[in-house]
Each structure stands twice: as structure tokens, then as C-alpha cells.
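The values are calculated or read from the model by the stated rules, or taken from the named source; none is laboratory data. Values in this document were obtained by computation on a predicted structure and should not be read as measured data. For neighbour counting, all protein chains shown are included, and Cβ atoms are generated from backbone atoms with ideal geometry for every residue, glycine included.
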């Protein structure tokens, strides 16, 4: 060889904090193979995952492998042996996964990083896949705007139907409203599950939204916590955020305080209306009491005057 060549060697070691199951799933995703074939790499014996690399290519392959959680290393290739017997012995001692004939796990023999997707494919209407924080916010904003537009259109059409038949408008409006509500909730669940997958969490954790107190904190965690940098058991990482995603996520973050302030103002307005109604009721009650007292005073005065008149009448003498 005219220059130094290198190989990637793996002997079953994992990076700190990485579980064996997670690393195997990541490698299976990277190699587009099944876990049973990948498990044969974890025998504890050194295995050459890739040979005859330049140092820069070896670094690239090593980075891709370490993102899966395994602790591979770069070693220099040995000089070419001139003895066929010695060469055969060396190859037997150190199997090369790039050789289909010598490898019992042929599917992973593809070069690491070659023809392998760096990012997962985005799909909205599914519970599979992963999305990051900004894309979660952007998709949520688009869903909210779409639901507002649909509800507004249905309300406008409902007014026209109500002019002809109020009963038909109520029935049709109730059915369509129920369908829109179910569709909105289902799409929201799918988006949230994909965000949970990006964190490496199970999609069943969505039901924490229904738990009192926890349900008010859980969505904040989905917005704040970063996802896994590399592949996890739910697939490769999501694509990088586009400009549109960043703009929509920023708009949603700007709208959230306004929505919260509007909810607070509505709650305070309702409380003030209730307080004012209570004050008015108390004032009317006190006014009625005062009027009744005045009426009773007038009646008592009239009775006293009548009694005085009766007492002032002359008494006839016996002679008359």
C-alpha cells in the first residue's frame, strides 16, 4: 500500500450508560438487519467491522458506530502477508464482516454509513417515528389553525342551514362537530407519541395528560426536554428543522403567553361578574327590607291615627 490503512474493530464493549438492548437495536437500524444477526457481533471476540480505510474514513465510520452506543476502535491494518497459510490463519482469527463468505451474519456486511438513512422519514398520520421539540410545536400550531378553520367553515354553513331548518342544523352540526373533535384528538395523540419516541419514551405515557396536576406539567416537559441525539429503539433521529418549522415554532411560543393571558382575563371577568351579581342581589334585598319597614311604619301610623280619632268622638249623655 502506498499509505497507511485502517480498520474498525469491535469486541462487544459498550459506551458508559448504554444498555446492551439499546445498542443492538441501534446497530440493527444502522445495518438494516435483524437483532438476531447483530447479536452475533457481541461474542467478546474482536471483529473487523470495516477494513482498508483511510484515517478520515475510519473516523467517519467510528463516529457513526459510537452514535449507536458501542465502543469500537480504529486499528492500523497489518502489512500484507506473503505466506498464504499465514494469511489464512490471520483471517480466521479475525473475521471480517465485509466478507460475505467468512461472515455468519451477512446482512450487516454493508459498509457503515453507505446507503443508510441518516434521518428518519417524517410522517404525520402515524404513531411511528420521531419528531423534535420545534417540529412538535410547529405541527401543533398547524393542527390548531386547521381545526379553527374547519370549525369556522362549519359554523358559517350551519348558519345557512339554520335559516331553513333549525332542527337539521342542530343534528348535522352535532355530528360534524363530533367528527372534527375525534379527528383533532387522534392527530394530536399521534404527534405527541412521536415526540415521546424522540425522547426514548413509550407512547403509552400520553395518558399522563389525563392525570390531574401531572397533566398540566407533562406537556411542558415535551417542549423543554431534548430528544436522543442518535438512533434509539424507535428509529433514526428526525431530520434537521427547516426554516418553516423554526418560524412556526416561534409563532406558537409567542402565542402561548397570549392564550394564557386571555384565559386568565376570562376567568377574572367571570369572577368579577359573579361578585357584582352578589353585590346587586344584596343591595336589592336590603332595599326590599327598607321598603317593607317603611310600609309597616305607615300602616302603624295610620292605625294610631284611627285609634286617636275613635278616642276623640263625643260620648252621648244619658239624658239625651
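List of remarks:
- Single residue of the range 229-250 satisfying the filter (within 18 Å of residue 119 (Cα to Cα) and without any contact (Cβ under 8 Å) to a residue 40 or more places away in the chain) that is surrounded by the fewest Cβ atoms within 10 Å (Cβ to Cβ): 243
- Only one entry of 173, 160, 129 meets the criterion of being closer than 30 Å to residue 50 by Cβ and at pLDDT below 90, and that entry is 129.
- Total residues in the range 188-230 satisfying the condition of being outside any loop (DSSP other than H, G, I, E, B) and over 11 Å from the mean Cα position of the chain (by Cα): the figure is 8.
- Taking the listed residues 157, 151, the one that is on the phi < 0 side of the Ramachandran plot and loosely packed, with under 15 Cβ neighbours inside 10 Å is 157, with no other qualifying.
- Flag for residue 176 being in a helix (DSSP H, G or I), over 15 Å from the mean Cα position of the chain (by Cα) and farther than 30 Å from residue 20 by Cα: yes
- Only residues that are surrounded by 17 or more Cβ atoms within 10 Å (Cβ to Cβ) and in contact with a helix residue (DSSP H, G or I) (Cβ under 9 Å, 6 or more places away or on another chain) were counted across the range 27-42, and they come to 9.
- Residue count for the range 251-273 satisfying the condition of being surrounded by 10 or more Cβ atoms within 10 Å (Cβ to Cβ) and either without any contact (Cβ under 8 Å) to a residue 60 or more places away in the chain or over 30 Å from residue 122 (Cβ atoms) (or both): 16.
- Condition check for residue 20: more than 29 Å from the chain's Cα centre (by Cα) and either surrounded by fewer than 17 Cβ atoms within 10 Å (Cβ to Cβ) or without any contact (Cβ under 8 Å) to a residue 12 or more places away in the chain (or both): no
- The residues of the range 27-53 that are under 22 Å from residue 6 (Cβ atoms) and under 34 Å from the mean Cα position of the chain (by Cα), listed by number, are 27, 30, 31.
- Number of the condition not met by residue 171 [criteria: (1) in the same structural domain as residue 187 (by TED's automatic domain parsing); (2) in contact (Cβ under 8 Å) with a residue 40 or more places away in the chain; (3) loosely packed, with under 14 Cβ neighbours inside 10 Å]: (2)
- Test: residue in the range 61-75 that is modelled with pLDDT under 80 and over 18 Å from residue 118 (Cβ atoms): no
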